[in-house]
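Asker: This structure is in structure tokens; I'll ask about it shortly.
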Amino acid sequence: MIVVKNITKTFEAFKAVDDLSFTVGEGETAVFLGTSGSGKTTLLKMINRLIEPSSGEIWIGHQNIRGQPAEELRKKIGYVLQNTGLFPHYTIAENIGMVPALLGWDRKKIHARTIALMEKLHLSPDDHLAAYPHQLSGGQQQRVGLARALAADPPLLLMDEPFGALDPITRAAVKKDFKQLDELKNKTILLVTHDVQEAFELGDTIHLMDKGKIVQEGAPGDLLFHPANTFVQNFFDDQRFQLEVGTIGKEDYPALINAFNHFKNRQA
Amino acid sequence: MQQQSGKLLQQTLEHIGLTFISLLIAVLIGLPLGIFITRRAKAAWFVLGFAGILQTIPGIALLGFMIPLLGIGAIPAITALFLYALLPIIRNTYTGINSVDPAVKEAATAMGMSDAQILFKVDLPLAFPVIMAGIRTATVINVGVGTLAAYIAAGGLGEFIFGGIALNNTNMILAGAIPAALLAILLDYLLSLLQRMSLKRRKITLWSLPLLMLLCSSFYLLPLGYNTRLLAGFTPEFMGRQDGDIGLRSVYGLKIRTVVISDAVMYKAAFNEKLDVISGYSTDGRLKAFDLTVLNDDKKIFPPYYAAPVIRREVLEKYGELGPTLDLLHDQINDSIMTELNYRVDYLKQSPETCAKDFLVSKGLYRAPRNGTKGRVRLGSKIFSEQYILINMYSMLIQGYTDLQVETRTGLGGTKICFQALLNNNIDMYPEYTGTALLAILQPASAVIGRLTGNRDSVYNYVQRQFGEQFGLCWLAPIGFNNAYALMMRRRQAQELGIRTISDLTAYLKKTKV
């Protein structure tokens, strides 16, 4: 669905993104993982043309993104930011219904869609429809941010460290509600994060980035068990055991128990 | 004072009108300009710098710049006020929009909003409190600077303020200053209400606001007062004096539309046909320069203004040689000579010092300064050329004929200020006029005035005696000219309309009543 070819972005003398190429299939959740400064956010913002690449091409759905006006492109892409970017002077309802309103939906349809999304994300419409963002907690605000990005049912969702500003408990709760959304099943999602757990939890494909380049891309298990180089290996070492346990399937359990027993016997 | 109460309303409405017209134009231009420079950093530096410089120019100076370009009246006043209001509005718009949370802006862009949509749905609503603060600042500035509009015949509450200063009438100053202050507070408060309104109610109000502003501006255009064929310009001092505007109305029944204007500007304005009748002094050099003629005061409401030095008695007694020295000018200068001297200074731009010296030399009275150190005499003067010339003459005479040193305190604005300085021993002597002493300082009962007016000598004798008895001040011998208040018109126009006296003028206006 998304084809990125030889994308480079240079700021003055600094290469933020260095000749990247990759594809993302339809319905896939592609996670871009890396430390700060690895270029992942810059890359994400080039997808919806918040930043224009210095060179390279990007196609979404077989159309070059530069072939259409940026505003039209963006209305078909949902965007979630880390600090929500909710409009403080609009109510929750107005925030969520913004893109549909820009697209000219009729009011009843917007209202119905808003209520539906709020309920799916466990935001009580009675309490919050007419409230203002500052009246909500951080977790609730981020749910609104998600609802706002999903309101017009865009086929593509861009998320820039969406859960980063939340405390661990809230983060877990919001993530849980997010994963349960059935409409995500046929959406393509590009998620940027530095949280390894999150990457493994949500991603179909992980693109590990460093210094503007993709060091390795693949299924989570690939990066763990078949690291391309020492950088990849070291990246996951801190939480290796947790991640490996989370990644292996039930069918691997016997092999794991065997290996463990074998290890124990040798000790004895 | 009671006559002036009707004027207060007129002035307040004029003031509101001036404030709002200039504010409206400033918002119409400043707001889009502020939005524009948020997108161009280079332009921002230039625009903000320019508006900032405008603000540093003192109010009176800015008005002065306007006069040769735009004349007198409402247009230069509004232009000056508009320029003052620009900086707060532009700067606050710029700052307000730039202070919008970048995350919100990013979200708006990422949603697919166009630039215009971002401006109207995000930037302006969120920057509104800051923009409004700028408008409030501009309003308060305008109300304050607007008091200067009276200087150039644009009306407003400044008329009372200037008049009160010239006449040293504190009540009059307050009558202008307090309403101005209240107006500023009131407008600021009303605008603060708007600032605090919720977004929905605000939208409705914002549309009605320009209409309201237009309404307030229209006050200025309401034709209050007379609308006559001829337009008169009077100084603030003339407006308040018994022997000025008040006398014209009561004795002659003169009905003419009047604007208040400063002395510095009015002669040129008459010459340029912006005014038809002006108040002035019968020995003013500008009479000659601008080809104006004096209308005869046939009903004698302007008393004689015999000029003579007024001096503190103890100074006169302390330095015996001082009296005879000052009397050297007795009967040396008649009306036409004084007009000529004034003309040289005011129009030919000679310095008062040169003019004074030339005159003394021509009369054989000049002596080089003796640079004596016997004592010191302080001479004061009001703020017009005639006084400066006389003071220079006296100064040269004292330094040439005595061993006394001279210290001059020129530019004491107005009769009362000069007189108070004399009483309070800040100065020892200044040249005064008998008519002024009678009507502005002594202010005796009208019966007394009636008995005296018209007769040069009886006024002089009365004033001399009263000053001696009441204040311990002495009047020395008269210099010889009579600088009376006068109404004047362009000579040609007066000839065409057959107007030679003030009664002629009154009759003409009655005949051609609009």
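The values are calculated or read from the model by the stated rules, or taken from the named source; none is laboratory data. No experiment lies behind these values; they were computed from the predicted model shown. Neighbour counts run over all protein chains shown; Cβ positions are idealised from the backbone, glycine included.
Asker: If you take the residues of region B:336-374 that are part of a loop (DSSP other than H, G, I, E, B) and of a type in the set (A, V, I, L, M, F, W, C), which of them is farthest from B:Ile389 (Cα to Cα)?
Answerer: Result: B:Ala368.
Asker: Please list, ordered by first then second residue, the pairs with beta carbon atoms under 8 Å, 6 or more apart or interchain, first in region A:108-131 and among the hydroxyl-bearing types (Ser, Thr, Tyr), second outside any helix (DSSP H, G or I).
Answerer: A:Thr114/A:Gly97; A:Thr114/A:Leu129; A:Thr114/A:Ala151
Asker: Assuming A:Val31 fulfils every condition listed in (1) buried (at least 19 other Cβ atoms within 10 Å of the Cβ); (2) hydrophobic (A, V, I, L, M, F, W, C); (3) within 11 Å of chain B (Cβ to nearest Cβ) apart from one, which condition is it?
Answerer: Among (1) buried (at least 19 other Cβ atoms within 10 Å of the Cβ); (2) hydrophobic (A, V, I, L, M, F, W, C); (3) within 11 Å of chain B (Cβ to nearest Cβ), A:Val31 violates only (3).
Asker: Okay, moving on. Does A:Val99 fit the bill of being out of contact with any Ser or Thr (no Cβ under 9 Å at 6 or more places or on another chain) and either modelled with pLDDT of 90 or more or more than 10 Å from chain B (Cβ to nearest Cβ) (or both)?
Answerer: Answer is yes for this residue.
Matching residues to (1) within 30 Å of B:Arg370 (Cβ to Cβ); (2) touching a helix residue (DSSP H, G or I) at 6+ places or on another chain (Cβ under 6 Å):
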site	(1), (2)
B:Gly280	no, no
B:Arg313	yes, no
B:Gly323	yes, yes
B:Leu348	no, no
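Quick grid of which residues meet (1) of a type in the set (D, E, K, R); (2) at the interface with chain A (Cβ under 7 Å from one of its Cβ atoms); (3) closer than 25 Å to A:Pro69 by Cβ:
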position	(1), (2), (3)
B:Thr93	no, no, no
B:Val100	no, no, yes
B:Glu106	yes, yes, yes
B:Thr109	no, yes, yes
B:Ala116	no, no, yes
B:Phe120	no, no, yes
B:Pro125	no, yes, yes
B:Ile131	no, no, no
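Asker: Output the number of the condition that A:His111 fails; it satisfies all remaining conditions of (1) outside any loop (DSSP other than H, G, I, E, B); (2) at the interface with chain B (Cβ under 9 Å from one of its Cβ atoms).
Answerer: Among (1) outside any loop (DSSP other than H, G, I, E, B); (2) at the interface with chain B (Cβ under 9 Å from one of its Cβ atoms), the lone unmet condition for A:His111 is (2).
Residue-by-condition table, conditions (1) surrounded by fewer than 19 Cβ atoms within 10 Å (Cβ to Cβ); (2) under 21 Å from the mean Cα position of the chain (by Cα):
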| residue | (1), (2) |
| --- | --- |
| B:Gly6 | yes, yes |
| B:Gln11 | no, yes |
| B:Ala41 | yes, no |
| B:Phe46 | yes, no |
| B:Ile53 | yes, no |
| B:Gly71 | yes, yes |
| B:Pro88 | no, no |
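Asker: Here's a follow-up. Looking at region A:75-96, which of the residues that are facing another protein chain (nearest Cβ under 8 Å) and crowded, with 21+ Cβ neighbours inside 10 Å is nearest to B:Val104 (Cα to Cα)?
Answerer: So, considering only residues that are facing another protein chain (nearest Cβ under 8 Å) and crowded, with 21+ Cβ neighbours inside 10 Å, the one nearest to B:Val104 (Cα to Cα) is A:Gly85.
Asker: Output the number of residues of region A:25-47 satisfying the condition of being part of a loop (DSSP other than H, G, I, E, B) and in contact with a Leu (Cβ under 6 Å, 6 or more places away or on another chain).
Answerer: Counting residues in region A:25-47 that are part of a loop (DSSP other than H, G, I, E, B) and in contact with a Leu (Cβ under 6 Å, 6 or more places away or on another chain) gives 0.
Asker: Just checking, does region B:78-90 include any residue being in contact with a Lys or Arg (Cβ under 7 Å, 6 or more places away or on another chain) and under 21 Å from B:Thr258 (Cβ atoms)?
Answerer: Within region B:78-90, not a single residue is in contact with a Lys or Arg (Cβ under 7 Å, 6 or more places away or on another chain) and under 21 Å from B:Thr258 (Cβ atoms).
Asker: For region A:114-130, enumerate the residues that are more than 14 Å from every other protein chain (Cβ to nearest Cβ) and surrounded by fewer than 17 Cβ atoms within 10 Å (Cβ to Cβ).
Answerer: A:Ile115, A:Ala116, A:Glu119, A:His122, A:Ser124, A:Pro125, A:Asp126, A:Asp127
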